[in-house]
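J.: I have a structure here, written as structure tokens, and I will follow up with some questions on it.
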Amino acid sequence: MTQVRWLVAVDIGGTFTDAVAFGPEGDFLVAKVLSTPQDPAIAFANALTELVASGLQLGATDLIFHGTTIATNAMLNERLARVVLLTTEGFRDVLSYRNGTRPKVYDLEQPRPSQLVPRRDRIEVHERLSSRGETVVPLSDDEIGRAVEAIAERNPEAVAVSFLFSYLDDRHERAIAKAIASRFPDLPITCSAAVAREFREYPRTATAAVNAGLRPVVGEYLLRMQSQLEHLNVPGPLLIMQSNGGCVPAIRANEEAHRLLLSGPAAGVAGTAALGKEYGLDHLVSFDMGGTSLDVCLIQDGTPPVTSTQAVGSHAILCPSVDMVTIGAGGGSIAEGDAAGRLAVGPRSAGATPGPAAYGKGGELPTVTDAHVVLGTLPTDFSLASGLHLDAEAAHQAVTRLAEQLELSPEETADGIVRVAVAHMSLALRRVSVERGLDPEGYTLVSFGGAGPLHSGLLLRELGFRSLLVPRHPGLFAASGLVSTNLRIDESRTVLEMLHAAALAELAAWLTTMARDMTERLVGDGIARRGVRIVASADCRFVGQGFELNVPLAGLGVKGLAGTAKRFNELHLRTYGHTDPDGQVEIVTLRLSAFGALPGTPTTTIPRARRAVPDVAVIATTKARLPGSKRVRLLRVYDREKLRAGHRIEGPAIIHEVDATTLVLDGQSARVDTRASMWIEEKQ
């Protein structure tokens, strides 16, 4: 992976599909097409076709990176494959009991969460291990045969196996999976210990069921992707972004499909961290606002935060995932009046089809995009991605219908839509900062996505971030972020061991053995051994606690484990404000992550300006009403492609590019640097 020709990245979102290509001579090509929810592979091919028209040589492509929402959409829309679940006798209802909590404590009529596997498709198996991994009830051949026949009667699309305490010893799961595979060789089988070797019965069982339900969906999708690439004669391997912020070869992505649930949003966070390293910034907040949703992540010390458990819909999934907040606030978020006559915005979205009314594709409901068109902050004189021209009349009609319902003027309604949407965005940003005891003033807000730069100036002012950075081609930044990632493999094992000298050798042996195995897997993927990096950590708690803190380990051996108690006490003090130096510390789960270095891309620069912003950079003037103001102003519209390093634009102003529009408020200025990034600052 050292001889690099073309690197290509395609990120499929809810409204647009973004693609970028980096060439061997510093070439940088971009494409943005409408997504095709009915078959994302169509948009994938359309994006590649646009890149080829711009000069991409597909036959000289070394790697193709791909971020996808296929797993997320299947999960949220409850379009998983039909699964049969095998579980230990007496534990058929683990998925129904869940974790024993009620989302709304005082609501006696709340609907039950959807079932991953209907009760009729959960088969009890007569077997049992103890909490120490000892065999209590052996798994007999007759019982295996009975379970296989029960599966045959139900004719599922996939099978999940989750036996009690299999995280300690999975021999029963492996035995029954072998028998099922022998009888049904084409049936996807997921064993809980293979995808989540961790304790807590409900999340492990849910993870196995989700992975099983996703495998036919993701597998079929990846086959279509591979078919598209073969048809286009692309030689390079397809790498899929995972929820953890790293990539995995497509050939392995299907086996652990649950790791793709945050594939798309994780790319933007990875790109934000990489951009921060270029600038020497380690305290960042990524603000990724597309057409459907908003994803926010706070990055401390330059490393994206990763959590061991993620919640998708109402289900807990054991899977390392970038820790972010996602809300239904995008350019396509629909505005409507609620039962009390109040204005509500989102989480429903117009998506790619039909899209906002301004897209002229049949949409009739007012959206955030339509509100900006009415206010004039999103000019309609210029084409956007895919040659899209905004229809001002359609946007006015959609907003006017809502205005009549609310008994307001269209302009007042449009202003309200934007302000309510910004309030939702502000709450999301507060959840990752203020609610965690962190002051936004110490962080740089990195704004991207097609709708991000249109709103981030408002949030800079409201929350007081240190600075606001709008990267080059912000509407395509998540796709660019794909190329900045590494291959990544994660492994974990629940051990539940008191932290004492006698246990360290056994724990170190597992870490060393597993690290060696993970290294070999990455070497098999084409990574040089010197390009493999191993990171180890342990989930720890005081004896008697029910929640853990993840503590980085100093090394894989006994010495690396020896100082864990001290580091845990320091982390406990920082997190909770107190600790117990004499308390007994328990290691709950060991975790390993292996990173395989990929080529990455060189830093590109633009020439420095020899004079002030030229007149040719001003491509129009337009009347606009800034959000929160009742005054209509005449604003200049600048072409970002004509700006050079050192140029400064005083607000209020609009900066246009085909993939995004940036709004600079009155009292703010925008400055372009040599990396073509744009810094928006409040005037002192």
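J.: Per residue, how large is the accessible surface of the chain? Use a 1.4 angstrom probe and give square angstrom.
T.: 42
J.: Counting alpha carbon pairs within less than 8 Å and at least 6 residues apart, what relative contact order, in whole percent, applies to the chain?
T.: 12
J.: Separate question: For the chain, what size does the Cα cloud have along each of its three principal axes, sorted from largest down, in whole Å?
T.: Result, largest extent first: 80, 57, 52 Å.
J.: OK, next. Lys559 to Ala60: FRET efficiency via 1/(1 + (r/R0)^6), r the Cβ-Cβ distance, R0 41 Å, to the nearest 0.05?
T.: Once the sixth-power term is evaluated, E becomes 0.30.
J.: Classify the range 616-684 from the C-alpha gyration tensor, please: rounded if a/c falls under 1.5, else prolate or oblate depending on whether a/b exceeds b/c.
T.: oblate
J.: Next question. Rounded to the nearest 20 Debye, what is the dipole magnitude of the range 85-215 about its Cα centre when Lys and Arg each give +1 and Asp and Glu each give -1 at the C-beta?
T.: Dipole about the Cα centre, nearest 20: 420 debye.
J.: Highest first, please rank the peptides 347-360, 558-571 by the mean number of other Cβ atoms sitting within 10 Å of their residues.
T.: Order by mean packing, descending: 347-360, 558-571.
J.: I would also like to ask the following. Helix 171-183 against the longest principal axis of the chain: what's the angle in degrees, Cα atoms only, rounded to the nearest 10?
T.: 80
J.: So, one more: Could you please state, rounded to a whole Å, how far the C-alpha centre of the range 1-66 is from the C-alpha centre of the range 377-394?
T.: The range 1-66 and the range 377-394 have Cα centres spaced 24 Å from each other.
J.: Need one word for the range 177-270: rounded, prolate or oblate. Basis is the Cα gyration tensor (sqrt eigenvalues a ≥ b ≥ c); a/c below 1.5 gives rounded, then a/b vs b/c decides.
T.: oblate
J.: Compute the acute angle (0 to 90°) between the alpha-carbon long axis of helix 141-154 and the principal axis of greatest extent of the alpha-carbon atoms of the chain; round to the nearest 10°.
T.: Tilt of helix 141-154: around 30 degrees.
J.: On a 1.4 Å probe surface of the protein chains, which of Thr494, Thr303, Thr400 comes out largest in accessible area, and what is the full order?
T.: The ordering from most to least exposed comes out as Thr303, Thr400, Thr494.
J.: How tilted is helix 501-524 with respect to the longest principal axis of the chain? Cα atoms for both, answer in degrees (0 to 90, nearest 10).
T.: The angle comes out near 60 degrees.
J.: Here's a follow-up. Going by a ≥ b ≥ c, the root eigenvalues of the Cα gyration tensor, does the range 449-574 fall in the rounded group (a/c under 1.5), the prolate group (a/b larger than b/c) or the oblate group?
T.: Note, shape of the range 449-574 comes out oblate.
J.: For the range 62-138, what does the relative contact order come out to in percent, with C-alpha contacts under 8 Å and a separation of six or more?
T.: Normalised by residue count, the contact order of the range 62-138 is 35 percent.
J.: Another question, then. Give me the number: length gained by fully extending Asn99 to Leu438, i.e. 0.36 nm times residue separation minus the C-alpha to C-alpha distance, one decimal in nm.
T.: So the chain would gain 119.0 nm between Asn99 and Leu438.
J.: Go ahead and run the numbers for FRET between Thr674 and Asp142, Cβ-Cβ distance against an R0 of 41 Å, rounding to 0.05.
T.: That pair, Thr674 with Asp142, gives E of 0.05.
J.: Further question on the same structure: Under a straight-distance cross-link criterion of Cα-Cα below 18 Å, which lysines are reachable from Lys683, leaving out those fewer than 8 residues away in the same chain?
T.: none
J.: Output wanted: per-residue J couplings in Hz (rounded whole) for the range 594-599, from phi through Karplus 6.51 cos²θ - 1.76 cosθ + 1.60, θ = phi - 60°, x for Gly and Pro.
T.: 10, 10, x, 5, 9, x
J.: Spin-label point model (7 Å from Cα, Cβ direction): what's the Ile251 to Ser114 distance in nm?
T.: A separation of 3.4 nm, rounded to one decimal place.
J.: A further question follows. Could you size up the charge dipole of the chain around its Cα centre, putting +1 on the beta carbon of Lys and Arg and -1 on that of Asp and Glu, and report it in debye to the nearest 20?
T.: Here the size comes out at about 1080 debye.
J.: Residue by residue through the range 646-653, which ³J(HN,Hα) values in whole Hz follow from phi under the Karplus form 6.51 cos²θ - 1.76 cosθ + 1.60 (θ = phi - 60°), with glycine and proline marked x?
T.: Each residue's phi maps through the Karplus curve to give x, 5, 10, 10, 8, x, x, 7 Hz.
J.: So, one more: Ranked highest first by average number of other Cβ atoms within 10 Å, how do 157-167, 193-203, 579-589 line up?
T.: 157-167, 193-203, 579-589
J.: For Val52 and Thr605, what is the calculated FRET efficiency with R₀ set at 30 Å and r taken between the beta-carbons, to the nearest 0.05?
T.: Taking R0 as 30 Å, the efficiency between Val52 and Thr605 is 0.70.
J.: Helix-derived [θ] at 222 nm for the chain: sum -39500 (n - 2.57) over DSSP H runs of at least 4, divide by residue count, nearest 500?
T.: -10000 deg cm²/dmol
J.: Give me, ordered by chain and number, the residues 5 or more places off Arg633 or on other chains with an amide H under 5 Å from its own placed amide H.
T.: The answer is Ala624, Arg625, Leu626.
J.: Could you work out what % of the accessible surface of the range 16-175 is carbon and sulfur, using a 1.4 angstrom probe and leaving DNA, RNA and ligands out of the count?
T.: 48
J.: Expressed as a whole percentage, what fraction of the accessible surface of the range 185-252 belongs to carbon and sulfur atoms when a 1.4 Å probe is rolled over the protein heavy atoms?
T.: Of the solvent-accessible surface of the range 185-252, carbon and sulfur hold 54 percent.
The values are calculated or read from the model by the stated rules, or taken from the named source; none is laboratory data. Predicted model, so just to flag it, every value in this text is computed and none were measured. With ideal geometry, Cβ positions are generated from the backbone for all residues, glycine too; neighbour counts draw on all protein chains shown. Ligands, DNA and RNA are excluded from the accessible area calculation, which covers all protein heavy atoms including side chains. Shrake-Rupley method; radii C 1.70, N 1.55, O 1.52, S 1.80 Å.
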